[in-house]
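Take a look at the structure set out below.
The values are calculated or read from the model by the stated rules, or taken from the named source; none is laboratory data. No experiment lies behind these values; they were computed from the predicted model shown. Backbone-built Cβ (ideal geometry, glycine too); neighbour counts: all protein chains shown.
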Amino acid sequence: MTQPPPDVLELLLPGAPELQRRAQRVTTFLRLLLHATRGERADAIREDLPDARDELERVVYDRLAIALASLLDAHLRARLDRDAFVVWDPPALGHEEAWAIVEEHRAEVADLPAVPGPGEPPLEVARRVLVSLERLGAGRHAGPIAAVHAGRFARAAGGPRAGEAHWRALLKDVAPSFELERIAVAEVASCLLDRGQVQAARTWLEERMHLVACDAGLARLYSWSALGAGDVDAARETVRGLPTWEGVLPARLVELRERRPEWLALLPGREPDTASGRESVEPGDRPSDRGDFGASVLGVFALGPARSAEPLMLDVAPGLKRRVGAWLREGDGACTLTRTFEHEVVATARPVVTHRRDATPLRGALDREARALALAPILFERGEEEGEVAGWLRIECAHHLLPSTERLVQLAATWREEVLAAAHGVRPEADVRPARFGHGEEEAAVADRNDPRVRALTALAGELGIKTAQRRWWAFEVEPDGPRLLAEGGGALTDWRDRPGKARAVQRAIATRSALFFDEPDERLSVHRGAASGLALPLVRGRVEAVLAIESARRRDFRAADVERHAERVRAFAPRWHVACFRAWHVEHFVQDVHIDPGTPGDGEGGYPLRPADVAAACRGTAPVAIVGEPGTSKEIVARWIHFESQRTAPLRTIPGAAGSGGVALLNEAPGGTVILDEVERASGELQEALVLSLRSRGGGDRPDPSGRRLRLVATLSMPPGEAVREGRLRADLGRALERLVLTTPPLRERRQQIPALVDLFTRRFADEEGLAEPALDDGALALLWRQPWTGNVRTLENLIYRLVLLHGGQEVGPDDVKAVARRQGLELRKRIPSRHPDRRDLIAALKTTRRGSGALNKTRAALYLGWDPDTLVARMRDAKLADWELREPE
Amino acid sequence: MTQPTDPHSPPGAGAVPSHWPRVDGPDACASPSPRPPEPPQISAAGEELASLHRNDLVGLLLEASALRAQVAPFALLSGTPAALPSPPDWTGRALDTIDRLAKTRVAKRSRATRRSGPRPVDPEILLLLIGVDLHRWPASSWLARAALAAQDSNGARLCLGRALLAEGDTEDAHRVFVDLLRRGVTDELRWQVFEGIAFGHEQRGNDRLALVACEAAGDAPGCGIGPLVGCLFLSLVLGEAGRARRAAARLDLLVNPDSPAFARELAKLRLRVELFRGGLPWSAPPSTAALLDELAGGGRSAAEEVGRTLRGAPDPAPREG
């Protein structure tokens, strides 16, 4: 006889006095029954009660395990930065839902984690949750879930090295299931890729390719490692046919995808959420070990004085150590050379990243095998130099998986203190007086408009052909303590003194010795705060001597082609600038402007036949120099020029050759520096002897003399030293000493092209000195002056112009006026240059002097200057068979 | 024996809810007269017999699935099945099984327990197939799922994976195969699982992962001929001469070139190249062209047979066995 079945509810709800627990158990039991009706757990229901209870428990623990795992995933992800290779599946449950499940079961399951407190760090929360999960999983199938998350916790807490060690130990000690092995292999590969150990990750996966074949996530990791190593074919083959992945891509791969769009298909996935991942760097993140990035070179550099890069930390692969010294020397001053990465990072104050595209090594890389290179700037944060580059972090890798630029900049910033301390150049606290830029009240500090440099720069601004209605230009001279405004012009942005920008573009042009431009408003870069675009053009001659800044009220007013063209003209202007500097110095020291025109080196056709090599040789050392020329050919000015070029800070003393014993005294008292001995062939024997003794004891040598104690002799003569010796005017030993370096100043008749400039110079000078208006010489007057023989050279011309200014100040001056003044001076002016057998040089000089602005020859005017009719000129040109190159302007 | 009543069921309903545990046979519900209880030994024997019959039915369904897979669109990629009966043989066995089940009390018990016990295998399913042309059978994967529902086993899952491959559903097939690896399989099944994974990759155009999976199959003890042939062929496709040589050496070591099974694999290879690789004669990439020439011009080893097949040599005479 069968017994009636007991009440099912009584069977399953014994000893549960609390209503809530009873209700909970009923609910759970009904849930079980629901499973049973679907046929999923029918077996369990048919079993006896203990098994039913076990089933109940298993469901609860399963649910809790999933909830705790979801919480762990969320908190651990928050600890990993956006560059990390995370191949975890998305959490099964949302944050709130997971905590709700934990709360639901808190009464019946012990040791569940408490809800996070305010501000509790994610890692602490994760630690508590993991402990609960491990207790929950002990002896149950939640155990493997706990093991997986313990590994992930190790990575989040200790970094990829710690994570990798944990997973390797697990694989070694435990015979894992297929699933656990798959996860562990993926985690190790991820940790290796996090550290840039691309080849190691690839090898790790190649040894487990049977798992790669089974799992799309592992296939993706392998593909990324192959891509990072530059093996695009293998990367492509590995993911062929796999479903397109829509997960989150590490930030570094997103950037790689942007830089190499041809790899788009190999790098599918979403960008990481900007709010996800760890943003800040921690003390342990400071880069000092290139192994943390899989790099072959890791270095931190400070931008030192003279724009040199001073290495503060440099970790290189062993195979590259031998090249480090040479590489540092080659790269010294690289930030001043265009097309180097150092230049780009200093000029833009932004990270520079580049990836190799073919077999050509990356420019300037220490590691010739590097596939990727990055420089992350370290910026000043305060003071006048805020936002400027104080140094940079440099990384070179033999793979493409560089950290993202955001991460690199964060890492670079951990070296800021040391870099700022080491950066000697423009300090944040430097006293960069705004008045130097012409701001504020010190407008008087702006140079005089008659300053030759101001005139030269104004002429340059005009020659650039820029329309000034919407623009303004400034010219700054670069002095040791900063740029100083010399000249300005233009129709726009006139209130720049009231609205000054930080003028960083000028600073950067000085720092990098190259042109810079900006095409959007940036008050850090511009001289005028409201400028919408602008450019800065440095004038470089050895060092940056001046900067021309041009700004516009319109955006994008300067195209790259314009910048290049202007920069080229500024470069070509450098010699004229240098002459202007000499003239300004001459005015300062001798109260007199001069004309000096280097002209075409060596051709002797109207220009100074002062070959740059000769001048450079004269300036380099302190060997005596002889300047030979007819009287009145400005030998003393050339001598002063040599002093200016070589040791302008040392004393300069001029001793006339006829000084006699007084000259000896002057010579012996000279403390060093340059002594110009004028007309040395007229010096007495005593003076010549004293000269020889001085040369022996204090002079001579071809090496530079930075101390300035040596005596540099520059002697002027009206004949070559050898001839003076033969004529008995010069001691033989003195003649020999002077013959070592001889420069010749040609007579004015051999450099007629300079006559118009000399006339202009003297006219201005004398008008200024005498307080008169300048006379205006017409072309006929000028031509008349041009064609004279000038046996007295520049001096005679100077005297004539002086009289012209006195007599005709402020008037139009024609040829008759010139003749009249010359007659008073006792000069007989010739009407023409002899045309029968003219000097070839005169023909060429006439054609060059009268060339049109476009460069075309003006034969009519040339004939006027020669005093001929045009047909005669044409005939003489034909006879002389002038070549095109003879008439070409010097470049 | 009084009839148990359900205190929660409406009065006069009489029927016992199906989810209630049974302490008596289901017929006790339908029949008003009580039945005497069976002795325990008889019950145990009955359960055992029911299990055996279930096994027979599931086995027939799996064979049906495999037979159906042979005529599915991508049949040649579905792997190396165990020896299959011919359709007439299968039909005869199915009829016998149906007949046997119909005559036994156990069959009645099985029918009666279908509502409350494990999902039964309805022998009538087999009747759907008997007398119907093979091409008109339900899909191979459907048949495999029916068998799987009746009795979950790794063998049934493997059969399902192959069925999905044969039908061209490579993604679901891949999931089934990987799930098998997660569950843990014997060596005998392991190589077949990796063979299936390899075919799936090859079907999707990923020869590299296909080769890797083939090699994993080849490394498993008791590996069949299919993966060994696959390793050689895919190595040649990818231009990996070193791997191809190793695969050739292994093939020669393990496979008798005269075996009918090898002949079947060569036939499958021939079809595979004709359908998916541009036809015969097939050309290897430059890095493995010389090796293919060497194999095709050699003697009669298994690897050389593969070489000649790829070069378009005619199908040799059928082998006995």
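A few comments on the model shown:
- Residue count for the stretch A:823-851, restricted to those that are part of a loop (DSSP other than H, G, I, E, B) and of a type in the set (A, V, I, L, M, F, W, C): 3
- Here A:Glu812 qualifies as of a type in the set (D, E, K, R), exposed (fewer than 14 other Cβ atoms within 10 Å of the Cβ) and closer than 22 Å to A:Ala773 by Cβ.
- In the stretch A:103-110, the count of residues that are within 28 Å of A:Ser404 (Cα to Cα), assigned by TED's automatic domain parsing to the domain that holds A:Trp204 and assigned to a helix (DSSP H, G or I) is zero.
- For the residues A:Ala147, A:Ala175, A:Ala162, the requirement of being of a type in the set (A, V, I, L, M) and either within 25 Å of A:Glu237 (Cα to Cα) or in contact with a helix residue (DSSP H, G or I) (Cβ under 6 Å, 6 or more places away or on another chain) (or both) singles out A:Ala162.
- Set B:Ala248, B:Ala290: member being out of contact with any helix residue (DSSP H, G or I) (no Cβ under 7 Å at 6 or more places or on another chain), within 30 Å of A:Ala235 (Cβ to Cβ), away from chain A (no Cβ under 14 Å) and among the hydrophobic types (A, V, I, L, M, F, W, C): B:Ala290
- Here the stretch B:216-241 is the region considered, the condition is being in a loop (DSSP other than H, G, I, E, B) and without any contact (Cβ under 8 Å) to a residue 40 or more places away in the chain, and the residue that is nearest to the other protein chains (Cβ to nearest Cβ) is B:Ala220.
- Screening B:Ser153 with (1) closer than 27 Å to B:Leu228 by Cβ; (2) within 12 Å of another protein chain (Cβ to nearest Cβ) gives one miss only, at (2).
- Taking each residue of the stretch A:281-310 that is over 30 Å from A:Leu193 (Cβ atoms) and looking for partners that are modelled with pLDDT of 90 or more and aromatic (Phe, Trp, Tyr) with beta-carbon atoms closer than 7 Å, six or more apart or interchain, yields A:Ala309/A:Phe301; A:Glu310/A:Phe301.
- Some residue of the stretch A:206-222 being away from chain B (no Cβ under 14 Å) and crowded, with 19+ Cβ neighbours inside 10 Å: no
- Across the stretch A:273-298, the number of residues qualifying as part of a loop (DSSP other than H, G, I, E, B), modelled with pLDDT under 65 and loosely packed, with under 11 Cβ neighbours inside 10 Å comes to 2.
- Here B:Val185, B:Val193 are screened, and the one residue that is crowded, with 22+ Cβ neighbours inside 10 Å and not polar (S, T, N, Q) is B:Val193.
- B:Leu158 passes every criterion in (1) modelled with pLDDT under 90; (2) more than 11 Å from chain A (Cβ to nearest Cβ); (3) assigned to a helix (DSSP H, G or I) apart from (1).
- Scanning the stretch A:469-478 for residues that are out of contact with any helix residue (DSSP H, G or I) (no Cβ under 8 Å at 6 or more places or on another chain) and either of a type in the set (Asp, Glu) or over 12 Å from A:Leu548 (Cα atoms) (or both) yields a total of 3.
- Subset of the stretch A:852-869 [farther than 19 Å from A:Gly814 by Cβ and part of a helix (DSSP H, G or I)]: A:Lys859, A:Ala862
- Only one of the listed residues (A:Leu211, A:Leu171, A:Leu192) is closer than 23 Å to A:Ala372 by Cβ and assigned by TED's automatic domain parsing to the domain that holds A:Arg79. That residue is A:Leu192.
- Just so you know, in the stretch B:196-206 the residues that are facing chain A (nearest Cβ under 8 Å) and surrounded by 21 or more Cβ atoms within 10 Å (Cβ to Cβ) include one that is nearest to A:Glu181 (Cα to Cα), and it is B:Ile197.
- A:Trp245 vs. criteria over 38 Å from the mean Cα position of the chain (by Cα) and either more than 14 Å from chain B (Cβ to nearest Cβ) or modelled with pLDDT of 95 or more (or both): no
- Residues that are in a helix (DSSP H, G or I) and in contact with a helix residue (DSSP H, G or I) (Cβ under 9 Å, 6 or more places away or on another chain) within the stretch A:325-343 comprise A:Trp327, A:Ala334, A:Cys335, A:Thr336, A:Phe341, A:Glu342, A:His343, listed in sequence order.
- Once the stretch B:278-316 is narrowed to residues that are among the polar types (S, T, N, Q) and assigned to a loop (DSSP other than H, G, I, E, B), the residue that is nearest to B:Phe233 (Cα to Cα) is B:Ser283.
- Yes/no for A:Val125 being part of a loop (DSSP other than H, G, I, E, B), in contact with a Leu (Cβ under 8 Å, 6 or more places away or on another chain) and either within 30 Å of A:Val254 (Cβ to Cβ) or in the same structural domain as A:Ala186 (by TED's automatic domain parsing) (or both): no
- Here A:Thr622 passes the criteria (1) modelled with pLDDT under 80; (2) more than 16 Å from A:Thr674 (Cβ to Cβ); (3) polar (S, T, N, Q) except the one numbered (2).
- If you go through the stretch B:176-195 and pick out every residue that is at the interface with another protein chain (Cβ under 9 Å from one of its Cβ atoms) and free of Cβ contacts under 8 Å to residues at least 24 places away in the same chain, you end up with 5.
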